[in-house]
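Novice: Can you read through this structure? Questions will come right after.
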Amino acid sequence: MSGKLMKHEFKSTAKVMSAVYLVTIAVTLLEMIVVSFDILKSGEHIIGSFLIVTSTIFYILSIVGTYMVTCIFLTIRFYKTMYSLQGYLTHTLPVSPVATFHIKLFVSLIWMLLTIIVCILSVFSVLCAAGGSEFIGQLASYTWHDIESAFQFTGFSTGGGISLLILYTIACCLSFLLFVFTSCSIGQLFGQYKIAASVVAGIVLNFLQGIISSLSILPVFFYVDFSGKIEASKTAIQISLCSVLGIFAIIIIAYYITNIIIVRKHINLD
């Protein structure tokens, strides 16, 4: 039954997310067409300059909007299908509330990662269109050795650096989703004021998360020269990056445990 529920969750969310991605692709193609005209990029014509500036602003807002719409949609869907009237139907299924929570978290994480990939590919496509063959040639000139050198500056191997980057991206998405889900889970405990309580819970959690996240910079102070210089040590960079992931892990675990406790015993559908 869990497999069927996950399939249904993907199908239900795919309708909105497909539309979001199609709009993003359309805006990307439009921006690629605009920036590919040399007469517009030259800045010799006022109308051309105005058009390219306007289209670029619109494009940037669209990319930001793609990410924001994804976050808002996943938040609303989680709340409606777990804690609103629609939650009655969700919790009548022969699947435990904890399993339902895991499915929604997994599906939401996949959509968040896909949105990031779509946005990155979109920006890359626009840059290629704007730079033309010169940009593509410069990009192709970078060798694997150059990539290895960039990662070696941080003290990590190429494979380790790429793995760390992927892990950091997943941790960011997961911590955000659990932050939102935790806010909703706490807010639904307050009867008639569920939405308001969720907002307040989100503000408080965000404040606490900010305090905890600030702890990740403490290891850097061990490498600070108070005369005004910072030692560019590979060890310092490694410790800093690992401490960030460690803080992420603490936050994710705390949010996850909070959600599991509430979902298992304290769902309020009144």
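Novice: When you go through THR70, THR92, THR75 one by one, which is the residue that is surrounded by fewer than 18 Cβ atoms within 10 Å (Cβ to Cβ) and β-branched (Val, Ile, Thr)? Walk me through how you get there before you give the answer.
Specialist: On the way: THR70 fails: surrounded by fewer than 18 Cβ atoms within 10 Å (Cβ to Cβ); THR75 fails: surrounded by fewer than 18 Cβ atoms within 10 Å (Cβ to Cβ).
Unique residue meeting the criteria: THR92.
Novice: Among the residues of region 157-166, are any within 26 Å of TYR256 (Cα to Cα), assigned by TED's automatic domain parsing to the domain that holds ILE239 and at pLDDT 85 or above?
Specialist: Checked against the condition, which is being within 26 Å of TYR256 (Cα to Cα), assigned by TED's automatic domain parsing to the domain that holds ILE239 and at pLDDT 85 or above, region 157-166 yields at least one hit.
Novice: Out of all the residues in region 132-148, is one or more small (Gly, Ala, Ser), modelled with pLDDT of 70 or more and outside the structural domain of GLY161 (by TED's automatic domain parsing)? Write out each step before concluding.
Specialist: Initially, region 132-148 is screened for residues small (Gly, Ala, Ser), giving 132-133, 137, 140-141.
Subset that is modelled with pLDDT of 70 or more: none.
No, because not a single residue in region 132-148 is small (Gly, Ala, Ser), modelled with pLDDT of 70 or more and outside the structural domain of GLY161 (by TED's automatic domain parsing).
Novice: Scan region 97-116 and give yes if some residue there is outside any helix (DSSP H, G or I) and within 16 Å of GLY3 (Cβ to Cβ), otherwise no.
Specialist: Filtering region 97-116 down to residues outside any helix (DSSP H, G or I) leaves none.
No.
Novice: On to the next question. Would region 259-266 turn up any residue that is modelled with pLDDT under 75 and in contact with a Leu (Cβ under 8 Å, 6 or more places away or on another chain)? Don't jump to the end; show me each part of the working.
Specialist: Kept after step one, since they are modelled with pLDDT under 75, are these residues of region 259-266: 266.
When the remaining residues are screened for being in contact with a Leu (Cβ under 8 Å, 6 or more places away or on another chain), the result is 266.
Checking region 259-266: at least one residue is modelled with pLDDT under 75 and in contact with a Leu (Cβ under 8 Å, 6 or more places away or on another chain).
Novice: Just to be sure I understand the filter: pairs with C-beta atoms under 7 Å, separated by 6 or more residues or on different chains, first member in region 161-180 and surrounded by 14 or more Cβ atoms within 10 Å (Cβ to Cβ), second member assigned to a helix (DSSP H, G or I) and of a type in the set (Val, Ile, Thr). Which pairs pass?
Specialist: Listed by first residue and then by second, the contacts come to THR169/ILE116; ALA171/ILE252; LEU174/ILE252; SER175/ILE251; SER175/ILE252; LEU178/ILE252; VAL180/THR75.
Novice: OK, next. Identify the residue in region 56-67 that is among the aromatic types (Phe, Trp, Tyr) and surrounded by fewer than 18 Cβ atoms within 10 Å (Cβ to Cβ) and, among all such residues, is farthest from LEU127 (Cα to Cα).
Specialist: Looking at residues that are among the aromatic types (Phe, Trp, Tyr) and surrounded by fewer than 18 Cβ atoms within 10 Å (Cβ to Cβ), I get TYR67.
Novice: Looking only at region 198-210, decide whether some residue is at pLDDT below 75 and of a type outside the set (Val, Ile, Thr).
Specialist: Taking region 198-210 first, the residues at pLDDT below 75 are none.
Looking through region 198-210, none of the residues is at pLDDT below 75 and of a type outside the set (Val, Ile, Thr).
The values are calculated or read from the model by the stated rules, or taken from the named source; none is laboratory data. Bear in mind that the values here come from a model prediction, so they are computed numbers and not experimental data. Reconstructed Cβ throughout: ideal geometry from the backbone, glycine too, with neighbour counts over all protein chains shown.
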